[in-house]
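Visitor: First the structure, which I've put down as structure tokens, then a few questions once you've had a look.
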Amino acid sequence: MSISSIFEEIMRLPVIDTHTHLIGDKLCAADFWEIADYFWLNQELQTAGYPKDAAQLPVPERAEAFVRAYKATRNTMMNRAFTAIMGDLYGITIHDTASVLQADEAVRAQRSTSGWAQSVADRLHVKRFVVNRPEHAIFDGMREDALLLPRIDGWLPELAAGIVSSAAHERQDRFAQAKAFISEQLKSYHEMGCPGIMTTLPHYEAAAHEDYKLETAGRTDEVMMLLLHEICSGLQERGMFLQLFLGVERRWGSSSAAPVNDPLRIVKLYGLFERYNIPFELVVASELNNLDVVQAAWNFANVHVGGMWWYNFRASTYTQSMQYRLEALSPLKSSLIVSDARCIEWTYGKLLIVKQLLARFLDEQIKDEWLSREDALALAAEWLHGSAAKRYGLAESTVSSCNRDH
């Protein structure tokens, strides 16, 4: 069995992209630089001398600096994804300043082409994209709107901090107000047809199994755990799920983020998994936690492993994580795709890389006789689409119409 035959099969499998920053009326890149300055590629280019303030340079100088850094980072994963975007979508190879200007003209021309966004999605058979803001969910020119999983980390830390900073005699009232606010938010999301919600969590020492008392809880993370219990209880009442994004912390510098491999990060949440009969989808950005989320999904029937986020989007971590999942979990428990893309073109570049890695990984499993070809393709179908579709209720709901009504 050759990898090419497996690759061709996997390329035809449907996909759900479980986390994007796409904006429904601005799906396509406006110009070359919106693709070239994507954060992850830009970070890699800067390691090769691309200036942080490149956008302030005259276009010829900017293009020249880009080409130098681009050629110097041919080995990186984001470079490969970008190269595929330029070559597959626009038929252009970046090799000099003239090719950058040519690419800019091509991107500008395609962005207003009717059906361009849908055609890009169709190349890799991406059926649905997930967004986290209601105003982003109506996808202009697409067959389906985005699936909306509202993001609550805009208000969750503020609620916890407000309670901790309040006077002792005010705490009960502030907590009651927070509970009422949470209930109203979840009610609103449920009425919008959202199957679940999403949040990141800052660093926490508190653990969900501990019996914290509001009167004595001295730290913000302890109160946050109390609020997470209220959130999970409300989700259970409404038949919704919680998607948790973990492992990126910003407490080590003024602006930069870092992946933090906290060995207790996941087990501190076991108290939630045990107590609430709702699906939890765990998405992590820290390499060592890839095993921890698999262990949690092995321990708890309601815990699922999500896609690869932030610093986990590398070939080595993908391969390692796929091995963990293969050995321990039913394919129904795993989703593989998190593009984190800000334009439709980057969903193509990143998802193409994932499908290539998955094909190579499954080809090895077939050669080792761990999986039959039939089982390998069935597993791939769940990891790419089926697992998320079941968890998000896409098989029987019409989320598109819900988004349009709200």
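Visitor: How much accessible surface does T347 have with a 1.4 Å probe, in Å² rounded to 10?
Guide: Its accessible surface works out to 0 Å², give or take rounding.
Visitor: Let me ask something else. Could you give each residue of the range 28-35 its phi-based ³J(HN,Hα) in whole Hz, using Karplus coefficients 6.51, -1.76, 1.60 with θ = phi - 60°, and x for Gly or Pro?
Guide: With coefficients 6.51, -1.76 and 1.60, one gets 9, 4, 6, 7, 4, 6, 5, 7 Hz.
Visitor: Over 23 Å between C-alpha atoms is what I'm after, so list which of K127/K390; K127/K367; K268/K355; K26/K127 land there.
Guide: Values: K127/K390 14 Å; K127/K367 30 Å; K268/K355 33 Å; K26/K127 18 Å.
Checking Cα-Cα distances, K127/K367; K268/K355 exceed 23 Å.
Visitor: Now, a different point. Skip the ligands, DNA and RNA, and give the accessible area per residue of the chain with a 1.4 Å probe, whole Å².
Guide: On the way: 17530 Å² over 406 residues.
With all protein chains present, the chain gives 43 Å² per residue.
Visitor: I've got another one for you. For the chain, give me the percentage of DSSP beta bridges that are antiparallel, rounded to the nearest 5 percent.
Guide: Beta bridges within the chain, antiparallel portion: roughly 10 percent.
Visitor: Compute the length gained on full extension between D96 and Q320: take 0.36 nm times their separation in residues and subtract their Cα-Cα distance, giving the result in nm to one decimal.
Guide: Net length gain for the segment: 77.0 nm.
Visitor: So how far apart, in nm, are the two label points at E158 and A30 if each is 7 Å from Cα heading toward Cβ?
Guide: Each label point lies 7 Å from its Cα, and together they span 2.7 nm.
Visitor: What FRET efficiency do you get for E64 and R123 if R0 is 41 Å and r is their Cβ-Cβ distance, rounded to the nearest 0.05?
Guide: 0.85
Visitor: What ranking do 141-153, 379-391, 180-192 get when scored by the average of other Cβ atoms within 10 Å per residue, highest first?
Guide: Put in order of decreasing packing, that is 379-391, 141-153, 180-192.
Visitor: Per the helix-only calculation at 222 nm, which mean residue ellipticity applies to the chain, given -39500 (n - 2.57) for every DSSP H run of n ≥ 4 and division by its residues, nearest 500 deg cm²/dmol? Before the final figure, lay out the partial values.
Guide: Details: 17 runs with 193 residues, N = 406.
Result for the chain, helices only: -14500 deg cm²/dmol.
Visitor: Quick one: net charge around A98, please, counting Lys, Arg +1 and Asp, Glu -1 for every other residue with C-beta under 13 Å from its C-beta.
Guide: Net local charge, A98 excluded: -4.
Visitor: While we're looking at this one, here's another question. From the backbone phi of the range 266-273, what are the Karplus-calculated ³J(HN,Hα) couplings (6.51 cos²θ - 1.76 cosθ + 1.60, θ = phi - 60°) in whole Hz, Gly and Pro given as x?
Guide: These are the phi-based 3J(HN,Hα) values: 7, 5, 5, 9, 4, x, 6, 4 Hz.
Visitor: List residues of the range 164-207, by number, whose backbone nitrogen lies under 17 Å from a label position 7 Å along Cα→C-beta of A395.
Guide: 195
Visitor: Which trypsin sites (Lys or Arg not before Pro) in the range 236-307 sit in a loop by DSSP (not H, G, I, E or B) and have at most 11 other Cβ atoms within 10 Å of their own Cβ?
Guide: Filter output for the range 236-307: R251.
Visitor: If you stretched the chain out fully between E105 and E237, how much longer would it get, using 0.36 nm times the residue separation minus the C-alpha to C-alpha distance?
Guide: Extra length from E105 to E237 when fully extended: 42.3 nm.
Visitor: Compute the Kirkwood hydrodynamic radius of the chain, taking the inverse of the mean of 1/r over all pairs of distinct Cα atoms, and give it in Å to one decimal. Working shown, then result.
Guide: Details: mean 1/r = 0.0445 Å⁻¹.
Final number for the Kirkwood radius of the chain is 22.5 Å.
Visitor: What is the set of long-range amide H partners of V303 at a cut-off below 5 Å, with H atoms built 1.01 Å from backbone N?
Guide: Counting only residues 5 or more places away or on other chains, the set is F280.
Visitor: Heavy atoms of the protein only, probe of 1.4 Å, neighbouring chains included. What is the accessible area of S330 in Å², nearest 10?
Guide: 60 Å²
Visitor: In nm, what is the difference between 0.36 nm times the number of residues separating L288 and Q172 and their Cα-Cα distance?
Guide: Length difference between fully extended and current span is 37.9 nm.
Visitor: Also, I was wondering about something else. S330 versus S114, label points 7 Å from Cα toward the beta carbon: distance in nm?
Guide: About 4.6 nm, to one decimal.
Visitor: Can you sort Y212, Y70 by 1.4 Å-probe accessible area, starting with the largest?
Guide: Order by accessible area, largest first: Y212, Y70.
Visitor: If you don't mind, there's one more thing I want to ask. Could you compute the FRET efficiency for K367 and T47, with r as their C-beta to C-beta distance and R0 at 35 Å, rounded to 0.05? Before the final figure, lay out each step's value.
Guide: On the way: r = 35 Å, r/R0 = 1.01.
Using R0 = 35 Å, I get an efficiency of 0.50.
Visitor: Taking θ as phi - 60°, what are the ³J(HN,Hα) couplings along the range 326-336 by the Karplus curve (6.51, -1.76, 1.60), each to the nearest whole Hz, with x for Gly and Pro?
Guide: Values, residue by residue: 4, 6, 10, 10, 4, x, 4, 9, 10, 10, 10 Hz.
Visitor: Further question: According to the square roots a ≥ b ≥ c of the eigenvalues of the Cα gyration tensor, what is the shape class of the range 345-400, taking rounded for a/c under 1.5, prolate for a/b larger than b/c otherwise, and oblate for the remainder?
Guide: Cα axes put the range 345-400 in the oblate bin.
Visitor: Only bridges whose two residues both fall in the range 197-308 count here: according to DSSP, what percent of them are antiparallel, nearest 5?
Guide: If I count the DSSP bridges inside the range 197-308, around 15 percent turn out antiparallel.
The values are calculated or read from the model by the stated rules, or taken from the named source; none is laboratory data. Keep in mind that this is a model prediction, so the values were computed, not measured. Cβ: placed from backbone, ideal geometry, glycine included. Neighbour counts: every protein chain shown. Areas reflect the complete protein model, heavy atoms only, side chains present, ligands, DNA and RNA absent. Shrake-Rupley method; radii C 1.70, N 1.55, O 1.52, S 1.80 Å.
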